[in-house]
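J.: This is the structure, below, for whatever I ask next.
The values are calculated or read from the model by the stated rules, or taken from the named source; none is laboratory data. The shown structure was predicted, so the numbers you read here are calculated from the model rather than taken from an experiment. Backbone-built Cβ (ideal geometry, glycine too); neighbour counts: all protein chains shown. Remember, those area values only see protein heavy atoms, side chains included, never the ligands or the DNA or RNA. Shrake-Rupley method; radii C 1.70, N 1.55, O 1.52, S 1.80 Å.
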Amino acid sequence: MDNALDKIDEIYNLSLVVPGSSRSIKIRDVAELKIEPVDIQPVLVRYQGHEAITLAISALNDVNIVNVGHSVTDKVEQIITTLPAGITLTPIYDQAALVDQSVKGFIDNLILSVVVVTLTLCIFMGWRSGVVVGAVLLVTVMGTVLIMWLMGLQLQRISLGAMVIAMGMLVDNAIVVAEGMMLRMKQGKSATEAASFIVKRTQWPLLGATIIGIAAFSGIGLSDDATGEFLYSLFAVVLVSLLLSWVLATTVVPLFGKYFYQVGNDTAGETNKGVLYRGYLALLHTALKFRWITVAALLAITVVAYMGFGSVKQGFFPSSNAPLFYIHYWGPQDRDIRHTTEIMTQAESVILEHKDVDTVTTFIGRGADRFTLTYAPQQPNESYGYFLIKATDRDKIDSLIKTLVKQLPQLDLDANFYSERMQFGPGGGAKLAARFSGPDTEVLRDLAEQAKTILINDEKVRDIRHNWREKGLAINTHYDAFNAGMTGITRSDFSQAIQYASTGLELGRLQDGDYSYSIKAKMAMASDSELDSIKNSQVWSSSQRHHVPFLQVSNGLELVNEETQIHRRNRLRTITVNADPGFDETAG
């Protein structure tokens with residue numbers, strides 16, 4: 001059979017044996033078979049106001065994502081020429097381009113940092129010391145990159161950022177050795193004697209200071225939670241670069257000093273008796289003379305700084321540089337996806353009206369595929385919708401969010417719209433959460449409502465909700481075990497009859513090349529109301545081989561309000577209240 005239509009004809013001609021006889025009939029005599037869209041789509045995707053499908057591509061481990069991105073782009077350009085006119089392929093999130101842009105920016109900053117440090121050293125220490133220390137700094141950076149490659153550490157935001165952070169500390173060891181060697185040589189000592197003297201006196205104290213600097217970052221890199229996993233390269237790069245700076249300070253700086261420093265005859269120790277030196281010496285003598293006042297002033301400064309630090313807003317992982325943000329839509333829990341689609345389409349139009357919006361991708365029924373580590377997709381839910389919005393400029397995101405969270409709720413007063421910024425760091429949803437566990441669902445809901453009230457009264461948090469959401473409406477068909485047993489109706493027979501009268505009973509699947517279609521049997525003369533269809537249906541007994549009226553094996557239909565989402569943690573029922581800090585607040 002060449003195509004799906006041929007297969008339909010084949011199925012039409014299948015013969016069924018009539019129960020209790022030797023006669024057979026063909027399917028075409030008792031049923032109509034046709035290919036049609038499902039009544040309720042499980043997931044819908046839209047892009048810029050048009051229906052779309054998404055294709056998620058992820059790279060293998062230990063490959064260059066930028067090269068992968070270029071290869072994918074080249075392949076897409078080849079494929080697009082073979083597709084029908086009007087079909088377009090547009091990247092929603094191009095990680096390769098973002099990584100390439102970010103790495104180039106960090107490398108530019110890294111080069112600028114080396115140049116600034118070298119120029120600063122030349123100004124305050126003289127050009128000879130500036131060249132010596134700057135050259136050692138450059139060798140340290142290059143050596144760090146080499147060791148990173150040997151350790152399997154990639155060049156990415158965290159590792160490159162660590163090098164920029166460590167830049168100021170990388171020159172400390174070299175400055176101490178270079179300054180000491182220069183002063184000894186100005187006093188008439190040879191390069192070998194000056195280098196030997198200063199290295200022997202300072203190598204172990206410098207190693208201790210280097211280890212202390214490394215230890216300051218160990219709490220981040222060795223943490224056993226998501227922070228440690230995400231920021232391990234920060235600790236690793238600081239560890240490698242600082243230890244390498246100590247090794248090069250005690251070996252390469254003396255070598256460079258021999259070629260750049262000159263032997264002088266300043267035996268009286270009159271070196272560096274300039275205005276700055278004399279001023280600093282006078283200040284030092286004054287501080288030592290009034291030592292108690294100096295100590296008190298230092299303590300006062302420390303206390304003031306500590307008190308002022310409490311006013312600094314805390315946020316460990318900042319917002320991403322990518323001009324992307326999300327808006328989550330949650331309708332009533334028992335809402336049909338068709339109604340959700342109507343609201344999402346209207347909201348999509350409102351969002352696209354803003355000139356600061358570049359593109360909008362809409363997911364209905366579930367979240368997007370996980371396109372980056374910092375995104376945690378939602379599970380499928382007919383009442384859920386997700387907007388992935390790309391702004392024309394990252395600086396426009398805050399104003400866009402504030403505007404949209406005021407406009408969108410007007411479209412559906414029964415729903416909630418939650419905004420979210422794309423973050424650097426692990427994904428995980430809300431930044432504030434309170435968790436309650438126990439056996440009684442009513443008590444848990446009451447505790448969750450109390451927690452929500454507390455958060456609302458705080459007036460500094462937003463998007464307050466809990467993960468059990470509202471109770472949903474469900475139809476209880478009340479299976480009558482006694483009568484069903486008398487007539488030979490099992491629970492499976494009962495369930496199949498309900499599916500046959502409502503959404504359709506799946507009998508199998510039809511494979512057509514790369515596509516697979518569900519084969520469903522559905523009551524031909526179904527009423528407008530699925531409830532009436534169920535009541536008037538016949539239940540087939542697979543054991544007794546006869547039909548029984550549905551109402552004979554059911555105690556009636558009842559519309560009930562019940563829990564539709566019960567989450568558990570360690571096998572205990574657990575409800576979690578989530579919230580996010582206000583627009584001008586942080587979670588700390």
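J.: Please identify the pairs in which a residue from region 230-247 that is under 15 Å from residue 213 (Cβ atoms) has its Cβ atom under 8 Å from the Cβ atom of a residue that is at pLDDT below 90 and hydroxyl-bearing (Ser, Thr, Tyr), counting only partners at least 6 apart or on another chain.
T.: Pairs found: 234/159; 235/218; 236/159; 237/159.
This table checks each residue for (1) modelled with pLDDT of 90 or more; (2) not hydrophobic (A, V, I, L, M, F, W, C).
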position	(1), (2)
394	no, yes
420	no, yes
432	no, no
450	yes, yes
479	yes, yes
487	no, yes
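J.: Would you say residue 533 is assigned to a helix (DSSP H, G or I), open to solvent by less than 30 Å² (accessible area, probe 1.4 Å) and among the hydroxyl-bearing types (Ser, Thr, Tyr)?
T.: Considered against the rule, which asks whether it is assigned to a helix (DSSP H, G or I), open to solvent by less than 30 Å² (accessible area, probe 1.4 Å) and among the hydroxyl-bearing types (Ser, Thr, Tyr), residue 533 comes out as yes.
Yes/no per residue for (1) in contact with a helix residue (DSSP H, G or I) (Cβ under 8 Å, 6 or more places away or on another chain); (2) of a type in the set (Gly, Ala, Ser); (3) at pLDDT below 80:
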residue: 22; (1), (2), (3): no, yes, yes
residue: 36; (1), (2), (3): no, no, yes
residue: 68; (1), (2), (3): yes, no, no
residue: 80; (1), (2), (3): no, no, no
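J.: Further, regarding this structure: Of 496, 538, which residue is farther than 17 Å from residue 31 by Cα and in contact with a strand residue (DSSP E or B) (Cβ under 7 Å, 6 or more places away or on another chain)? Spell out the reasoning first.
T.: Details: 538 fails: farther than 17 Å from residue 31 by Cα.
Of the residues listed, the single one that is farther than 17 Å from residue 31 by Cα and in contact with a strand residue (DSSP E or B) (Cβ under 7 Å, 6 or more places away or on another chain) is 496.
J.: Let me ask you something else. Do you know which residues across region 56-83 are in contact (Cβ under 8 Å) with a residue 24 or more places away in the chain and among the hydrophobic types (A, V, I, L, M, F, W, C)?
T.: Across region 56-83, the qualifying residues are 56, 65, 66, 68, 72.
J.: So how many residues does region 260-279 have that are modelled with pLDDT of 75 or more, open to solvent by less than 80 Å² (accessible area, probe 1.4 Å) and in contact with a helix residue (DSSP H, G or I) (Cβ under 6 Å, 6 or more places away or on another chain)?
T.: 3
J.: Are any residues in region 333-348 in contact (Cβ under 8 Å) with a residue 24 or more places away in the chain and either open to solvent by 60 Å² or more (accessible area, probe 1.4 Å) or of a type in the set (Val, Ile, Thr) (or both), and if so, which ones?
T.: 334, 337, 338, 340, 341, 343, 345, 346
J.: Taking the residues in region 550-561 that are assigned to a strand (DSSP E or B) and open to solvent by 60 Å² or more (accessible area, probe 1.4 Å) as candidates, determine which candidate is nearest to residue 471 (Cα to Cα). If you could, list the steps in order and put the result at the bottom.
T.: Initially, region 550-561 is screened for residues assigned to a strand (DSSP E or B), giving 554, 558-561.
Right, trim to open to solvent by 60 Å² or more (accessible area, probe 1.4 Å) and you get 558-559, 561.
On the way: 558: 16, 559: 13, 561: 6 Å.
My answer is 561.
J.: So, one more: Which one of these does residue 172 not meet: (1) under 18 Å from residue 144 (Cβ atoms); (2) open to solvent by less than 50 Å² (accessible area, probe 1.4 Å)?
T.: So the condition that residue 172 fails would be (2).
J.: Another question about this same structure. So which of 188, 219, 208 is surrounded by fewer than 20 Cβ atoms within 10 Å (Cβ to Cβ) and at positive phi?
T.: Just one listed residue meets the conditions, 188.
J.: Still on this structure: Give region 480-507 a look and list any residue that's outside any helix (DSSP H, G or I) and either touching a Cys at 6+ places or on another chain (Cβ under 7 Å) or open to solvent by 20 Å² or more (accessible area, probe 1.4 Å) (or both), or say none.
T.: Across region 480-507, the qualifying residues are 480, 490, 503, 505, 506, 507.
J.: Follow-up. Can you name every residue in region 193-204 that is more than 16 Å from residue 264 (Cβ to Cβ) and open to solvent by 40 Å² or more (accessible area, probe 1.4 Å)?
T.: Answer for region 193-204, where residues must be more than 16 Å from residue 264 (Cβ to Cβ) and open to solvent by 40 Å² or more (accessible area, probe 1.4 Å): 196, 200, 201, 203, 204.
J.: Is at least one residue of region 247-259 open to solvent by 100 Å² or more (accessible area, probe 1.4 Å) and either at pLDDT 85 or above or not in a helix (DSSP H, G or I) (or both)?
T.: There is at least one residue in region 247-259 that is open to solvent by 100 Å² or more (accessible area, probe 1.4 Å) and either at pLDDT 85 or above or not in a helix (DSSP H, G or I) (or both).
J.: While we're here: All but one of (1) surrounded by fewer than 19 Cβ atoms within 10 Å (Cβ to Cβ); (2) over 30 Å from residue 234 (Cα atoms) hold for residue 374, so report the exception by its number.
T.: For residue 374, the exception is condition (2).
J.: Counting only residues that are over 17 Å from residue 579 (Cα atoms), touching a Ser or Thr at 6+ places or on another chain (Cβ under 6 Å), open to solvent by 50 Å² or more (accessible area, probe 1.4 Å) and of a type outside the set (S, T, N, Q), how many does region 425-476 have?
T.: Counting residues in region 425-476 that are over 17 Å from residue 579 (Cα atoms), touching a Ser or Thr at 6+ places or on another chain (Cβ under 6 Å), open to solvent by 50 Å² or more (accessible area, probe 1.4 Å) and of a type outside the set (S, T, N, Q) gives 0.
J.: From the list 177, 237, which residue is modelled with pLDDT of 90 or more, under 24 Å from the mean Cα position of the chain (by Cα) and not hydroxyl-bearing (Ser, Thr, Tyr)?
T.: After applying the criteria, what remains is 237.
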